[in-house]
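The values are calculated or read from the model by the stated rules, or taken from the named source; none is laboratory data. The model shown is predicted, which means the values in this text are computed figures rather than measured ones. Because the Cβ atoms are built from the backbone with ideal geometry, glycine has one as well, and the counts that use them run over all protein chains shown. Heads up: the accessible areas ignore ligands, DNA and RNA and are worked out on the full protein's heavy atoms, side chains in. Shrake-Rupley method; radii C 1.70, N 1.55, O 1.52, S 1.80 Å.
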Amino acid sequence: MCLGVPGQIIAIDDPAKRIATVDVAGIRRKVDLSCIVDEDNPPESCLHAWVLVHVGFAMSRIDEAEAEATLKVLHEIGELAVEREAMLTSEVQ
Amino acid sequence: MKTAPAKGAEIVPLKAEDGLRRHGRLSAKKITLAHGGGGSAMRDLIDDVFISAFENPAMGDLEDQARLPLTQFTASGDRLAFTTDGFVVDPLFFPGGDLGKLAVYGTVNDLAVGGAKPLYLSCAMIIEEGVEVETLRQLVASMKAAAAEAGVSIVTGDTKVVGKGQADKVFITTAGVGAIPAGLNLGVRQVQPGDVVIVNGKLGDHGAAILAARGDLELESPIHSDCRPLTGLVQALLKAAPNTHFIRDCTRGGLASTLNEVSDGTGFGIRLQEKAIPLREELRGFCEILGLDPLYLANEGSFAAFVPRAEAEAALAALRRVDGGQEAAIIGEVTTSGGRVIMDTLFGGARIVDMLVGEQLPRIC
Amino acid sequence: MKYADEFRDSALAAGLAKAIAEQLDALGATEETPVRIMEVCGGHTHAIFRYGLADLLPKSIEFLHGPGCPVCVLPRSRVDDCLAIAMKPNVIFATFGDAMRVPGSKGSLLQAKGDGADVRMVYSPLDALTLARRNPDKEVVFFALGFETTMPSTALTVLKAREEGITNFSLLVNHITIIPTLRAILDDPEMRIDGFIGPGHVTMIIGTEPYGFIASEYKKPLVVAGFEPLDLLQSLHMVLKQKVEQRCEIENQYARVVPNTGNAVARKAVEQVYETREHCEWRGLGDIEQSGVQFNAAFAAYDAEKKFAIHNASVPDPAECRCGDVLKGLAKPWQCPAFGKACTPEIPLGALMVSSEGSCAAYYQYSAVHNEALEEARNAKAS
């Protein structure tokens with residue numbers, strides 16, 4: 001359920017109506033920014049932001065630092081498991 | 001109003017001053033039932049829109065049949081390949097093509113993937129009352145250009161006009177004949193375990209281009225249909241890999257349906273490698289947005305060829321030298337295990353690629 | 001594709017799969033007594049099959065495919081309501097493609113389209129509003145289905161319609177909420193679930209707090225997960241880590257998209273337009289209290305149920321259909337007597353066969369490659 005895809009806001013078409021254009025791997029679509037703007041974050045602040053798009057609405061700003069942190073943990077888990085296996089194999093030998 | 005002769009047939013242009021018949025001019029802006037009524041309005045339509053574009057000697061004096069020299073077939077083969085296909089598309093014009101182009105290339109490709117040299121086409125049009133004459137002219141001009149590109153002549157045809165709502169704008173049926181060279185025997189039953197599966201290019205573009213062009217989904221897409229004649233590609237492939245077993249164009253239902261048909265037809269399995277399947281980045285984006293599987297999207301200029309492994313590299317090299325084949329790739333192989341198409345996923349798992357049920361619908365909410 | 005391809009890197013998968021296998025061994029899980037993890041969301045079910053994740057993991061883990069596919073839990077009566085409206089003259093009925101093939105007791109929207117109803121597939125509720133703008137002499141009805149993720153989009157669309165004074169536009173609302181249903185599943189005495197993979201995009205709206213009871217009352221771990229294959233593997237690793245360390249917490253693997261607090265702006269729009277529905281019917285699960293929303297009084301003018309006087313009459317699920325047991329993880333799809341026989345993707349009997357997010361359709365079409373029981377069920381159908 002709830003298909004969502006990451007895309008980048010490439011134009012703010014109508015700040016008053018909170019309408020922007022998002023680009024997903026070269027495919028473009030008008031999206032509504034209402035869910036990711038407020039007094040502190042006006043529509044103009046969304047330009048170039050990466051967002052999660054669901055049914056024509058930008059529902060969340062994607063957090064670059066969090067994405068990197070997740071990838072770092074993924075690398076660590078994988079590397080640790082491989083190291084442990086290497087140790088086990090050498091012990092057996 | 002003379003036209004450039006199509007390649008593939010000797011042409012003596014018809015001339016109005018030959019005195020056999022007058023050349024009518026169509027002044028109406030829209031097609032009405034009168035244009036299908038058999039009277040002068042219909043003759044004006046046929047003269048001005050169709051004959052002026054397609055004219056060639058095989059059409060003769062608009063007899064009820066085209067008369068084709070048998071020597072032309074026997075010179076290039078020992079069997080006749082004969083096929084027909086009906087074409088409908090909404091919208092009529094889309095990025096990379098239109099109904100006219102589809103109607104020519106679709107039939108040409110059905111002949112070409114059998115190894116035949118396509119020679120002649122027929123063209124029957126069913127036109128809905130109210131269609132703009134200009135639209136018709138554009139479709140016909142496109143058919144003419146496509147026929148020239150594919151080296152075939154459109155030699156006979158028919159036109160019917162039906163009432164508003166009884167057809168969707170224009171339907172085109174083409175039939176085609178070609179000659180199959182002696183000794184060439186492509187067929188699904190020739191497919192053997194160990195054969196590699198080769199595709200000539202990036203997949204899914206036609207299906208995505210049509211979906212985007214319909215406009216309901218409000219997507220702006222740079223994807224163009226892959227609509228193209230396959231004759232040159234098939235000829236290059238067969239020259240480099242003469243023991244090729246089978247070729248099929250991956251039209252409706254996409255690659256997945258084509259491979260399932262082969263698997264069903266042979267009882268062999270097919271093992272695909274997802275990472276080897278050529279897809280353009282924009283197509284991947286398109287499919288992500290709508291929750292679609294690119295393997296089921298239609299193509300109009302792509303085939304899957306079943307080639308003995310020993311000839312695979314030569315086949316690839318040959319294809320990559322031909323326009324439309326630069327992205328040719330080996331995407332999998334035929335296996336002995338039971339008739340199922342299985343794909344090793346990008347991520348290292350495996351899954352079955354089954355036949356599609358009905359039309360693929362977006363998966364969104 | 002940024003933020004997608006990095007999380008599909010197969011080079012990292014092997015290491016993660018190894019780490020998960022170690023955890024399962026530490027927990028003493030075996031093929032006979034597997035650790036049972038429910039992925040709540042249909043999007044996760046789809047990803048598990050699309051990437052063949054089961055192939056990468058030991059058999060000592062079992063996925064239970066949860067109820068988080070709005071199409072799969074759509075009751076037959078609701079599809080009947082859609083058809084009743086769609087077949088009215090002068091109506092344009094707009095919906096997501098997902099809902100087109102779902103069978104009601106009198107057919108599907110796709111069949112209604114064949115019978116002459118003006119049914120349109122749209123990508124966004126905003127596109128349905130555009131249809132209303134372009135066709136002022138028609139009544140445009142949008143079928144608003146989906147979980148909390150989709151509610152803000154339909155609420156904001158209605159707010160926009162009101163702002164523009166568009167009156168030929170209404171919504172048939174079948175929005176449902178996941179929390180009461182999770183509680184119902186946990187209360188089922190037959191259920192045995194060791195942990196949850198939580199729905200990433202729902203949580204992007206509601207935040208992690210509403211899941212608190214799962215850890216505190218039911219002592220089960222839940223990890224909110226993204227939708228790429230590495231997201232799923234990492235989330236699984238996080239759930240198992242909690243099991244190994246004997247913790248029960250609500251954790252968030254999908255922090256790049258999901259703030260723990262959710263999206264307050266989106267929730268505000270939902271609260272402005274909708275109120276809780278006292279009773280909501282789920283296919284296969286039956287009536288679950290307060291598990292859906294409806295328009296509040298202020299927005300009654302946009303309520304298609306009122307506009308077209310629709311009375312939601314319950315229609316029982318087909319008797320041989322075991323969708324409910326499959327949804328609850330009590331039966332595997334191929335154990336249903338109808339699977340592959342009376343119920344196929346071509347002619348679905350139960351909703352789990354309709355959407356590729358439904359576990360029956362997923363097993364039928366994608367399936368795990370080495371599954372003998374499934375092969376048997378499929379071959380029985382062929383013979």
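Tabulated data for the structure shown
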{"item": "Of the criteria (1) under 30 Å from residue C:14 (Cα atoms); (2) β-branched (Val, Ile, Thr); (3) open to solvent by 10 Å² or more (accessible area, probe 1.4 Å), which one residue C:310 fails", "result": "(1)"}
{"item": "Members of the stretch B:76-86 found to be open to solvent by 20 Å² or more (accessible area, probe 1.4 Å) and part of a strand (DSSP E or B), listed by number", "result": "B:79, B:80, B:82, B:83, B:84, B:85, B:86"}
{"item": "Lone qualifier among B:223, B:247, B:198 - being in a loop (DSSP other than H, G, I, E, B), in the same structural domain as residue B:283 (by TED's automatic domain parsing), among the β-branched types (Val, Ile, Thr) and open to solvent by less than 10 Å² (accessible area, probe 1.4 Å)", "result": "B:223"}
{"item": "Residues of the stretch C:44-59 that turn out to be more than 12 Å from residue C:236 (Cβ to Cβ) and open to solvent by 10 Å² or more (accessible area, probe 1.4 Å), as a count", "result": "5"}
{"item": "Those residues of the stretch B:316-344 which are open to solvent by less than 10 Å² (accessible area, probe 1.4 Å) and within 14 Å of chain C (Cβ to nearest Cβ), in sequence order", "result": "B:341, B:343"}
{"item": "Unique match (being more than 17 Å from the chain's Cα centre (by Cα) and either crowded, with 24+ Cβ neighbours inside 10 Å or of a type in the set (A, V, I, L, M) (or both)) among C:304, C:361", "result": "C:304"}
{"item": "Residue tally, condition open to solvent by less than 20 Å² (accessible area, probe 1.4 Å) and farther than 14 Å from residue C:85 by Cβ, over the stretch C:135-176", "result": "16"}
{"item": "Residue satisfying all of: in the stretch B:257-287; among the β-branched types (Val, Ile, Thr) and in contact with a helix residue (DSSP H, G or I) (Cβ under 9 Å, 6 or more places away or on another chain); farthest from residue B:224 (Cα to Cα) among these", "result": "B:266"}
{"item": "Unique match (being open to solvent by 10 Å² or more (accessible area, probe 1.4 Å) and either within 30 Å of residue C:282 (Cβ to Cβ) or within 14 Å of chain B (Cβ to nearest Cβ) (or both)) among C:26, C:14", "result": "C:14"}
{"item": "Residue C:288 away from chain A (no Cβ under 11 Å) and open to solvent by less than 20 Å² (accessible area, probe 1.4 Å)", "result": "yes"}
{"item": "Which numbered condition residue B:279 misses (of (1) more than 18 Å from residue B:96 (Cβ to Cβ); (2) open to solvent by 20 Å² or more (accessible area, probe 1.4 Å); (3) in a loop (DSSP other than H, G, I, E, B))", "result": "(1)"}
{"item": "Any pair with Cβ under 6 angstrom, 6 or more apart, that starts in the stretch C:127-142 at a residue that is within 14 Å of chain B (Cβ to nearest Cβ) and ends at one that is assigned to a helix (DSSP H, G or I) and open to solvent by 10 Å² or more (accessible area, probe 1.4 Å)", "result": "C:140/C:131"}
{"item": "Residue ID - farthest from the chain's Cα centre (by Cα), chosen from residues in the stretch C:76-101 that are under 14 Å from residue C:351 (Cβ atoms) and among the acidic types (Asp, Glu)", "result": "C:80"}
{"item": "Complete set of residues in the stretch B:180-215 that are within 20 Å of residue C:122 (Cα to Cα) and in contact with a helix residue (DSSP H, G or I) (Cβ under 6 Å, 6 or more places away or on another chain)", "result": "B:208"}
{"item": "One residue from A:32, A:38 being facing chain C (nearest Cβ under 8 Å) and open to solvent by less than 10 Å² (accessible area, probe 1.4 Å)", "result": "A:32"}
{"item": "Positions within the stretch C:186-214 being touching a Pro at 6+ places or on another chain (Cβ under 7 Å) and assigned to a helix (DSSP H, G or I), in sequence order", "result": "C:205"}
{"item": "Unmet requirement for residue C:270, which otherwise passes all of (1) within 11 Å of chain A (Cβ to nearest Cβ); (2) on the phi > 0 side of the Ramachandran plot", "result": "(2)"}
{"item": "Pairs where the first residue, in the stretch B:314-327, is more than 14 Å from residue B:230 (Cα to Cα) and at pLDDT 95 or above and the second is β-branched (Val, Ile, Thr) and surrounded by 15 or more Cβ atoms within 10 Å (Cβ to Cβ), C-beta under 8 Å, 6+ apart", "result": "B:315/B:198; B:315/B:244; B:315/B:307; B:316/B:198; B:316/B:330"}
{"item": "Per-region count, the stretch C:102-118, residues open to solvent by 70 Å² or more (accessible area, probe 1.4 Å) and either under 20 Å from the mean Cα position of the chain (by Cα) or farther than 16 Å from residue B:359 by Cβ (or both)", "result": "2"}
{"item": "Residue tally, condition more than 7 Å from chain C (Cβ to nearest Cβ), of a type in the set (Gly, Ala, Ser) and farther than 23 Å from residue B:290 by Cβ, over the stretch A:42-83", "result": "3"}
{"item": "Unique match (being facing chain C (nearest Cβ under 8 Å), surrounded by fewer than 22 Cβ atoms within 10 Å (Cβ to Cβ) and part of a helix (DSSP H, G or I)) among B:261, B:313, B:288", "result": "B:288"}
{"item": "Within the stretch C:41-53, considering residues that are out of contact with any His (no Cβ under 9 Å at 6 or more places or on another chain) and hydrophobic (A, V, I, L, M, F, W, C), the one farthest from the other protein chains (Cβ to nearest Cβ)", "result": "C:47"}
{"item": "Only listed residue being in the same structural domain as residue C:47 (by TED's automatic domain parsing), over 23 Å from residue A:4 (Cα atoms), more than 20 Å from the chain's Cα centre (by Cα) and open to solvent by 10 Å² or more (accessible area, probe 1.4 Å), chosen from C:251, C:190", "result": "C:190"}
{"item": "Count - residues of the stretch C:1-10 that are open to solvent by 50 Å² or more (accessible area, probe 1.4 Å) and more than 8 Å from chain A (Cβ to nearest Cβ)", "result": "3"}
{"item": "Filtered residues of the stretch C:161-185 (kept if closer than 23 Å to residue C:72 by Cβ and outside any helix (DSSP H, G or I))", "result": "C:171, C:172, C:173, C:174, C:175, C:176, C:177"}
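Table: residues versus (1) assigned to a loop (DSSP other than H, G, I, E, B); (2) of a type in the set (A, V, I, L, M).
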site	(1), (2)
C:74	yes, yes
C:92	no, yes
C:126	no, yes
C:137	yes, no
C:159	no, yes
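Conditions (1) in contact with a Phe, Trp or Tyr (Cβ under 7 Å, 6 or more places away or on another chain); (2) touching a residue at least 24 places away in the same chain (Cβ under 8 Å); (3) closer than 30 Å to residue C:13 by Cα, marked per residue:
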site	(1), (2), (3)
C:165	no, no, no
C:176	yes, yes, no
C:195	no, yes, yes
C:198	yes, yes, yes
C:210	no, yes, no
C:234	no, yes, yes
C:255	no, no, yes
